[in-house]
Amino acid sequence: MSSASAEHVDAVVVGSGPNGLSAAVTLARAGLSVRVYERNATVGGGLRTEEVTLPGFRHDICSAVHPLAFASGFFRRFGLARRVPFVVPTASYGTPLDGGRVAMAYLDLERTAEDLGVDGPAWRALLGPLVEHADAVAQFTGSALLQVPRHPLVAARFGLTALAQGGPWWGLPFRTEAPGALLAGVLAHTTLPLPSVAGAAAGLTLATYAHARGWPIPAGGSQSIADAMVADIEAHGGQVVTGTPVESLAELPESRVVVFDTHVADAARLAGDRLAPGYLRRVGRFRDGNGVFKADFALAGPVPWTNPELFETATVHLGGSRRDIAAAENAVAAGRESDPPYVLVSQPSLFDGTRAPAGKHVLWTYTHVPRGSAEDRTEAIIRRIEQFAPGFRDLILGTSTMTAAQMEQHNPNYHGGDISAGSPDFGQLVARPVLSSDPWRMPGHGLYLASASAAPGPGVHGLGGYYAARSALRHAFGVTRMPDLSPAPDQVAAPPPPFPIPDSITPPTLREP
């Protein structure tokens, strides 16, 4: 990492989250001099992996499993799957139910449908057409909604499916409890009430990728993705400066372009009078969503799930039935803590031996809470896990937690603990952060917004940064042909080594990307 200096550079990027790094990769690949400034001592934003419980236990600080890693247009251009070793579990996610039952979303759509029995045909009819055209779904959902989709028929079908799953009739396709609970678990990834059209759109996107390419896990943790982008930036002459908060644009070197990987409110504050009053009024109405409470656990062994099928996945949605999951999420949307809560759980150490000492495991969890909540939800999370994994509490060696308020202290982009950098409701997906066919270009000379506050919104996809860089190249430098982002031969990573699964659980079958 380089230290700051005052000389001229072509482009400055404020923030080193996935979108800031993707913007810097793209600009550096175009031959520009680029410098990234990061307030923390390490890069990555939501891609950090750190020891936060006990030595040797490496926890993902925000994102853990990456459904967009193989679907994102930026990551595909960047060749991420060739740069970072990934493991793809045979099951993308699972939802345990009462009585030891479980609903599983396998990478294999047909296996999922068979397991759902009488509801298998309805599941296949719901997701099969989207899975068949997963690349078109990725293009449509990974761009500004005002742009004309390249595949209008797929976009229309996706929209109709989101409407069907986003209204009060969302349970109509299914006759049994399992498929509704399975789908509700993935629709609840947003902090929106259920059912909602925007929540359905986000969940259907993730469910499509679950069957099309799976939900991959990066060996070494999410930090591996950030490190691969930093390596590419530096290989093409860019610089990354850490431990340097930016409080004013006057602190930055002279440049033709400034790209903000920050919450739009923070970008507006930093840009100050360089932005038009009308734009400032519009972004002043941009609303934050609810927050998350996060708990990481160091464990003496794997989570003792009652149903061993859950060992085939790194991602488990704890919430019970569709109605129970909706009740938990709607309580949060109404400003209350949910009890019992919906809990999103990931155990990447089942598939990646670098995460914990031999025989030990890490567990990543979070639950949704009202924006700005300072309440400790650790016990509620443990009780929820114990409901489906009796004896879990006895395995806990160490715990690290962050309330929603502490999430913002750790990452200022997360206002009130909102990891989406702005509510991802339907209105703010169409106008993110304002209604524009080029929402990344701010109306101040050379200023661009790349964060999750801009289209296409939250998620580790790098597309906000890629689009902001594309806009900057066109308007500030007259470059209309995007640079090649593919890896050089020496940037291609070896596949992850096989990891022995403890004898006490059913070994999952792993699939390389």
Among (1) outside any helix (DSSP H, G or I); (2) at negative phi, where does residue 422 come up short?
(2)
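Among the residues of the stretch 237-267, what is the count of those that are in contact with a strand residue (DSSP E or B) (Cβ under 9 Å, 6 or more places away or on another chain) and free of Cβ contacts under 8 Å to residues at least 60 places away in the same chain? Show your work before the answer.
The initial filter retains those residues of the stretch 237-267 that are in contact with a strand residue (DSSP E or B) (Cβ under 9 Å, 6 or more places away or on another chain), namely 237-242, 244-246, 249, 251-262, 264, 266-267.
Applying the additional criterion that residues be free of Cβ contacts under 8 Å to residues at least 60 places away in the same chain yields 249, 251.
Looking only at that region, the number is 2.
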Return the pair list, or none, for Cβ contacts closer than 8 Å from residues in the stretch 397-409 that are over 17 Å from residue 290 (Cβ atoms) to residues that are of a type in the set (Val, Ile, Thr), at least 6 apart or on different chains.
397/53; 398/53; 399/53; 399/378; 400/52; 400/53; 401/378
In the stretch 46-93, residues that are farther than 25 Å from residue 467 by Cβ and surrounded by fewer than 24 Cβ atoms within 10 Å (Cβ to Cβ) total 12
What helices (runs of 4 or more DSSP H), lying completely within the stretch 87-182, carry at least 2 residues that are assigned by TED's automatic domain parsing to the domain that holds residue 458?
none
For the stretch 357-381, which positions are among the small types (Gly, Ala, Ser) and either closer than 23 Å to residue 51 by Cβ or buried (at least 16 other Cβ atoms within 10 Å of the Cβ) (or both)?
358, 359, 372, 373, 380
Is one or more of the residues making up the stretch 457-465 under 27 Å from residue 70 (Cβ atoms) and among the hydrophobic types (A, V, I, L, M, F, W, C)?
yes
Expected output for the stretch 103-131 (first residue farther than 18 Å from residue 89 by Cα and at pLDDT 95 or above, partner of a type in the set (Gly, Ala, Ser) and not in a helix (DSSP H, G or I), Cβ below 8 Å, 6+ apart or cross-chain) is 116/103
Residue 41 versus (1) among the hydrophobic types (A, V, I, L, M, F, W, C); (2) surrounded by fewer than 20 Cβ atoms within 10 Å (Cβ to Cβ); (3) closer than 20 Å to residue 231 by Cβ; (4) not assigned by TED's automatic domain parsing to the domain that holds residue 254: which is the lone unmet condition?
(4)
Just one listed residue, out of 336, 393, 384, is surrounded by fewer than 19 Cβ atoms within 10 Å (Cβ to Cβ) and in a helix (DSSP H, G or I), and it is 393
Which of the following residues is under 17 Å from the mean Cα position of the chain (by Cα) and not polar (S, T, N, Q): 214, 238?
214
Per the list (1) in the same structural domain as residue 255 (by TED's automatic domain parsing); (2) over 24 Å from residue 38 (Cα atoms), residue check on residue 444 breaks on (2)
Subset of the stretch 315-335, residues touching a Phe, Trp or Tyr at 6+ places or on another chain (Cβ under 6 Å) and either hydrophobic (A, V, I, L, M, F, W, C) or not assigned by TED's automatic domain parsing to the domain that holds residue 348 (or both), comes to 325, 328
Which of the residues spanning the stretch 460-480 are modelled with pLDDT of 95 or more and not in a helix (DSSP H, G or I)?
460, 461, 462, 478, 479
Return the residues of the stretch 136-163 that are touching a Leu at 6+ places or on another chain (Cβ under 8 Å), under 24 Å from residue 329 (Cβ atoms) and at pLDDT 90 or above; say none if nothing qualifies.
137, 158, 161, 162
Looking at (1) over 23 Å from residue 328 (Cα atoms); (2) without any contact (Cβ under 8 Å) to a residue 60 or more places away in the chain, which one does residue 354 not meet, given that it meets all the others?
(2)
Could you list, in sequence order, all residues of the stretch 54-77 that are touching a Phe, Trp or Tyr at 6+ places or on another chain (Cβ under 9 Å) and part of a helix (DSSP H, G or I)?
73, 74, 76, 77
I'm checking my understanding of the structure. Among residues of the stretch 409-434 that are surrounded by fewer than 19 Cβ atoms within 10 Å (Cβ to Cβ) and small (Gly, Ala, Ser), which one is modelled with the highest pLDDT?
416
Out of 256, 213, sole residue that is surrounded by fewer than 22 Cβ atoms within 10 Å (Cβ to Cβ) and in contact with a helix residue (DSSP H, G or I) (Cβ under 9 Å, 6 or more places away or on another chain):
256
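Does the stretch 4-24 contain at least one residue that is outside any strand (DSSP E or B), crowded, with 24+ Cβ neighbours inside 10 Å and either free of Cβ contacts under 8 Å to residues at least 24 places away in the same chain or among the β-branched types (Val, Ile, Thr) (or both)? Spell out the reasoning first.
Initially, the stretch 4-24 is screened for residues outside any strand (DSSP E or B), giving 4-8, 15-24.
Keeping just the survivors that are crowded, with 24+ Cβ neighbours inside 10 Å gives 15-24.
From what's left, either free of Cβ contacts under 8 Å to residues at least 24 places away in the same chain or among the β-branched types (Val, Ile, Thr) (or both): none.
For the stretch 4-24, residues outside any strand (DSSP E or B), crowded, with 24+ Cβ neighbours inside 10 Å and either free of Cβ contacts under 8 Å to residues at least 24 places away in the same chain or among the β-branched types (Val, Ile, Thr) (or both): absent.
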Is the stretch 41-53 home to any residue that is more than 21 Å from the chain's Cα centre (by Cα) and not in a helix (DSSP H, G or I)?
yes
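The values are calculated or read from the model by the stated rules, or taken from the named source; none is laboratory data. Source: prediction; values computed, not measured. Every residue, glycine as well, gets a Cβ built from its backbone with ideal geometry; the counts of neighbours run over all protein chains shown.
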